[in-house]
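Have a look at the structure below, then the notes.
Quick note: the coordinates plus some simple rules give every number you see, no bench work behind them. Just so it is clear, the model here is predicted, and its values are computed rather than measured. Neighbour counts are summed over all protein chains in view; Cβ atoms, including those assigned to glycine, are modelled from backbone coordinates with ideal geometry.
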Amino acid sequence: MTQRIGRSTIREVAREAGVSVTTVSHALSGKGIVAESTRARVIDTARRLRYRPNAVASGLRSNRLGILALVLRPLDTLESFQPEGVDYFLRFAGAASLSALEHGYGLMLLSDPTLPETPSVALAADGFIITEPVENDPVIDLLQTEGIPLLTVGKDLGRPSYDAWIEPNTAKITRQVLHHLEENGARRVAIAVGTDRNSWNISSEASYREWCSERGQEPLILAQRETSGTAGGRAIGEELLGMADRPDAVYCLTGRHAAGLMARLAESGVGTPDDMLLVAGSDSEQTRNSVPPISAVDLEPEVLARAAVAALVKQLGGEPASGQAGTDGRFIIRGSSTRL
């Protein structure tokens, strides 16, 4: 269970800023009359000392609030909280909400709580679920500083000793996809990853490199930002078309990249699956509706959400946290990766 560690107090902020405690309170709450230069100095000092006025959460922390909080980290970097064609997050949030109710909790959905404009009441929850944290994620830093129990869906690979996580069995999923492509005649397989430094990208790439090493194959790794969507997939296609010795199969970790890649290749007369086998690591509206439809992994967000809520509730009940694989995913084979 996450242990509370020391954090700055309002008195320390006042001392560092050279003002009274009352002035700090007024400056941070917006109440009272405080000169703008003083307010700015107090706010800057509070941020530097990582002080966060949290009256609601602190006052209620000793009691059960009946609220779990969910932070879908990838949405903080995407172009929208409802990215076109991506239903993974909707499925995860819906299943987590219903699972929380079954355990006697409500669920509060939040964006990045480390942002300065985040109201302090955002931390008034019994525990947090954070999906796909990045390496050394500042959200984890904040919650550990505040002593708030948390569980992540995906490891924070920058914290080897952190064990309050569940995640898909990424190594097994990667090998299943690569084996399928190999069985269907692929001689050289490339992988297209996102640029977020999370466990899904890093662990998938590591498993792919290991698979290549076992076969004496030079790995070919292409990368595009998750925010680039289908345009990023088209950029991957452009890169492949410029290669003299391009691969004959690609494993794209995001569905939107896979759809954009296939469209760009088709424009240049490179057909899927005849000339290029293609699999997406995350199913989406684009993979299902492409022609041909794109083989993809359903990461079963409902399974992950239910497991995450159950594990967090156990942690709140005093059970120690331990890392675990939440799902092997469901590989959906479609027309993009099979040759008759």
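Using label points projected 7 Å from each Cα along Cα→Cβ, tell me how many nm separate residue 206 and residue 76, to one decimal.
It is 2.2 nm.
Which label belongs to the value computed from this structure, given these candidates for percent of Cα pairs over 33 Å apart: [x] 23; [y] 37; [z] 41?
[y]
Under a Cβ-Cβ cut-off of 11 Å, what is the net charge of the residues other than residue 223 that fall near it, where Lys and Arg count +1 and Asp and Glu count -1?
Details: positive: 225; negative: 196, 205, 226, 239.
Neighbour charge sum, excluding residue 223 itself: -3.
Taking the Cα-to-Cβ direction at residue 67 and at residue 266 and moving 7 Å from each Cα, how far apart do the two end points lie in nm?
Roughly 4.7 nm, to one decimal.
Work out how much length residue 109 to residue 243 would gain on full extension: take 0.36 nm times their residue separation and subtract the Cα-Cα distance, in nm to one decimal. It would help to have the intermediate numbers written out before the result.
Working: separation 134, 0.36 × 134 = 48.24 nm, distance 4.41 nm.
Taking 0.36 nm per residue and subtracting the Cα distance, the gain is 43.8 nm.
Taking amide hydrogens as modeled 1.01 Å from N in the peptide plane, which residues meet the under 5 Å criterion relative to residue 109, leaving out close sequence neighbours?
Here the answer is 70, since their amide H atoms fall under 5 Å of that of residue 109.
What FRET efficiency do you get for residue 195 and residue 21 if R0 is 51 Å and r is their Cβ-Cβ distance, rounded to the nearest 0.05?
Efficiency, from the Cβ-Cβ distance: 0.70.
Exposure proxy check: 179, 26 ranked by fewest other beta carbons within 10 Å? Mind dumping the intermediate values first?
Values: 179 11, 26 18.
Placing the least packed residue first, the sequence is 179, 26.
What's the angle, to the nearest 10 degrees (0 to 90), between helix 229-241's Cα axis and the longest principal axis of the chain?
Once rounded, one gets 40 degrees.
With θ set to phi - 60°, apply the Karplus curve 6.51 cos²θ - 1.76 cosθ + 1.60 along the range 23-28 and write out the HN-Hα couplings as whole Hz, x wherever there is a Gly or Pro.
Each residue's phi maps through the Karplus curve to give 5, 4, 4, 5, 5, 7 Hz.
Quick one: which residues, 5 or more positions from residue 277 or on another chain, have an amide H under 5 Å from its amide H? H modelled 1.01 Å from N in the peptide plane, none for Pro or chain starts.
Residues meeting the criterion, in which the H sits 1.01 Å from N, are 249, 250.
Could the peptides 272-282, 193-203, 233-243 be put in order, highest first, of the mean number of other beta-carbon atoms found within 10 Å of their residues? Walk me through the numbers on the way to the answer.
Details: 272-282: 23.2, 193-203: 20.8, 233-243: 18.2.
Top of the packing list down: 272-282, 193-203, 233-243.
Where does helix 170-183 land angle-wise versus the long Cα axis of the chain, in degrees 0 to 90, nearest 10?
So the helix axis and the longest Cα principal axis differ by about 10 degrees.
Only helical DSSP H runs with n ≥ 4 go in: add -39500 (n - 2.57) per run for the chain, normalise by residue count and round the 222 nm mean residue ellipticity to 500 deg cm²/dmol.
Values: 12 runs with 137 residues, N = 340.
Here the helix-only value at 222 nm equals -12500 deg cm²/dmol.
Taking every DSSP beta bridge that has both residues in the chain, what percent is antiparallel when rounded to the nearest 5?
Close to 10 percent.
Using θ = phi - 60° and the Karplus relation 6.51 cos²θ - 1.76 cosθ + 1.60, list the HN-Hα couplings for the range 313-318 in order, rounded to whole Hz, with x at every Gly or Pro.
4, 4, 5, 5, x, x
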